[in-house]
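Here the structure is laid out as structure tokens; the discussion comes afterwards.
No value in this document is a laboratory result; all are computed from the given coordinates. As the structure is a computational prediction, the values presented were derived from the model and not from experiment. Glycine also receives a Cβ, built like all others from the backbone with ideal geometry; neighbour counts cover every protein chain displayed.
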Amino acid sequence: MKKISILLLYTLLISPLSLSAKSYTFSGGKNNLIHSIAAEVLIKAYKKADIEITPLYLTLQESLERSNAGETDGELARISTITRFTPNLDKVPVSIISVEAVAFSKNTSLVINNWNDLRGHKITIVKGVKFIETETKGLERNFVATHQDALQLLQLDQTEVIVIPKLASINLIYQNKYHDIKAVSNSLKSPELYHFVHRKNRHLIPIITPILQEMKNSGEIEFIRKAELMKAAKKF
């Protein structure tokens, strides 16, 4: 009987199922519809592996700093090249959502067709949105902590143009009834976003990768995205 008990204990300790006993926390941007959608996708994906996860919403920069330091278990959704800034994060190689950078202004006579068209204008971007930071390097720009901060500066005429992700901004524009703020560009860039885990959690990658791939192939990820967009739209 004692030998059986020891064998059972050993099996439980080395079994992948023992992963379900631990809960993981993945961080992302607060008041960010993109990351809210990514969180729903990942909650459902990890649940298929009997793993519980919790999203933690912070400023985008704080999220990166804490996940890279191992204070959280990884990032909900980031661009593929985020490891240039956060070397301790490892990518799960299945894109789960895309993001569009769009310019917004109250001056609707502005026409922004590309990044260079922003030159000569006072622009504001959100610190931590690394692909927009990279594309606007060398331009006159002001940094704020959140998308809400950027929209508020524009509403108060304290900046001329903001460049922020479309989904996050549209949601906040409707929520705050910023009727004078309009998109003055089409998508300036539209990268795919990926889930990242801190290197201490690399064991999760072979578990979650095939699940996310199957969800993507079956259309489940797209279904979740549309459902979350409809849910957000019903609030206004």
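Calculated mean residue ellipticity at 222 nm for the chain: -12000 deg cm²/dmol, from DSSP H runs with n ≥ 4 weighted as -39500 (n - 2.57), summed, divided by the residue count and rounded to 500. Taking Cα centre as origin and charging only the Cβ of basic (Lys, Arg, +1) and acidic (Asp, Glu, -1) residues, the dipole magnitude of segment 162-236 rounds to 220 debye. Straight Cα distances below 19 angstrom link LYS47 to the aspartates and glutamates ASP73, GLU75, GLU214, GLU220, GLU222, GLU228, with same-chain residues fewer than 8 positions distant left out. Evaluated with a Cβ-only charge set (Lys, Arg +1; Asp, Glu -1), the chain carries a dipole of roughly 460 debye about its Cα centre, given to the nearest 20.
Across every direction, the projection of the convex hull enclosing the Cα atoms of segment 135-193 has a mean area of 4.6 nm².
Counted over the chain with a bin width of 10 Å, the fraction of Cα pairs per bin, in whole percents, is 8, 30, 31, 19, 7, 3, 2, 1, 0. The average projected area of segment 101-183, computed from the convex hull of its Cα atoms over all directions, is 4.7 nm².
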